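Take a look at the structure set out below.
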Amino acid sequence: MSDQTTAARILVFAGSTREASFNKRLARLGARRLDALGAQATFIDLRDYPMPLYQGDLEAEHGLPENALALRKLLAEHRGLLIASPEYNGFITPLMKNTIDWISRPHEGESGLKLFAGRVAALLAASPGGLGGMRSLALMRQLLSNVGVTVLPDQLAVAKAGDAFDDRGALTDESHQQKLDAICQRLAETTKLFDRA
Ligand SMILES: Cc1cc2nc3c(=O)[nH]c(=O)nc-3n(C[C@H](O)[C@H](O)[C@H](O)COP(=O)(O)O)c2cc1C
């Protein structure tokens, strides 16, 4: 992994693959901000990594899907994670759970959980609703902690997301932008510290 002179590498993605996803917009803004701060953000769309719903017989017969292996490789190359995800019925999305379930499985003698260890994440959410997906943030935090990721206390939930972005995809509320900037700053700094550990 990197030393003190190289940029903090941060993998950025959303828990929605919808074309016009608010969470993808938020994730992209975060990635841009991280790059501006001197980190090296890699934005990926999980739409490019489709996987079947986890099923034990499928795994026993075919092993991990190619896209799970591709995501594992990406995870291994990044020390930080920035995730923006909507909530479905107050819970994390099935996409997010399924993605983490597949990645966390052992493969060719290598533990999936080992890949998450020593990594640091920051969480964002956006929703057209009044809570901004806030209820799922605690659950996302718990899930990532369970697999060994350190999750920063700072988080942002963007409510009324239909009005929260302008035509160019920027956040219309200055306080949202300031919060996002602060989260990105903290994530970039902490990723660097984790790199050195
Ligand atoms: C099955 C389902 C359940 C949902 N439940 C919630 C919810 O509990 N809270 C909420 O704020 N929005 C909820 N929504 C609305 C989503 O926040 C909304 O569709 C949002 O735009 C999805 O995120 P995206 O724009 O990134 O795709 C739900 C949507 C779906 C499809």
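We did not get these values from a lab; they are worked out from the coordinates using the rules stated. Only a predicted model underlies this, so the values are computations on that prediction, with no experimental measurement involved. Backbone-built Cβ (ideal geometry, glycine too); neighbour counts: all protein chains shown.
Just one of (1) under 17 Å from the mean Cα position of the chain (by Cα); (2) in a helix (DSSP H, G or I); (3) more than 26 Å from Lys192 (Cβ to Cβ) trips up Ser16, so point out which.
(2)
Select from region 156-172 the residues that are away from the ligand (no atom under 14 Å from the Cβ) and without any contact (Cβ under 8 Å) to a residue 12 or more places away in the chain and list them in ascending order.
Asp166, Asp167, Arg168, Thr172 - these are the residues of region 156-172 that are away from the ligand (no atom under 14 Å from the Cβ) and without any contact (Cβ under 8 Å) to a residue 12 or more places away in the chain.
Scan region 44-55 and give yes if some residue there is surrounded by 15 or more Cβ atoms within 10 Å (Cβ to Cβ) and of a type in the set (Asp, Glu), otherwise no.
Checked against the condition, which is being surrounded by 15 or more Cβ atoms within 10 Å (Cβ to Cβ) and of a type in the set (Asp, Glu), region 44-55 yields at least one hit.
The rows are residues; the columns are (1) within 11 Å of the ligand (Cβ to nearest atom); (2) under 21 Å from Ile44 (Cβ atoms).
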| position | (1), (2) |
| --- | --- |
| Asp57 | no, no |
| Leu64 | no, yes |
| Leu74 | no, yes |
| Ala84 | yes, yes |
| Pro94 | yes, yes |
| Ser104 | no, yes |
| Gly109 | no, no |
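Quick one: which of Leu131, Leu143, Leu124, Leu137 is surrounded by fewer than 21 Cβ atoms within 10 Å (Cβ to Cβ) and under 13 Å from the mean Cα position of the chain (by Cα)?
When all the criteria are applied, what remains is Leu143.
Per-residue answers, yes or no, for (1) out of contact with any Phe, Trp or Tyr (no Cβ under 7 Å at 6 or more places or on another chain); (2) hydrophobic (A, V, I, L, M, F, W, C):
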residue: Leu143; (1), (2): yes, yes
residue: Thr150; (1), (2): yes, no
residue: Ala157; (1), (2): yes, yes
residue: Lys160; (1), (2): yes, no
residue: Leu171; (1), (2): no, yes
residue: Glu174; (1), (2): yes, no
residue: Asp181; (1), (2): yes, no
residue: Leu187; (1), (2): yes, yes
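Quick check, is Gly63 on the phi > 0 side of the Ramachandran plot and touching a residue at least 24 places away in the same chain (Cβ under 8 Å)?
Criteria met by Gly63.
Of the residues that sit in region 5-41 and are away from the ligand (no atom under 16 Å from the Cβ), hydrophobic (A, V, I, L, M, F, W, C) and surrounded by fewer than 18 Cβ atoms within 10 Å (Cβ to Cβ), which one is farthest from Ser85 (Cα to Cα)?
Ala7
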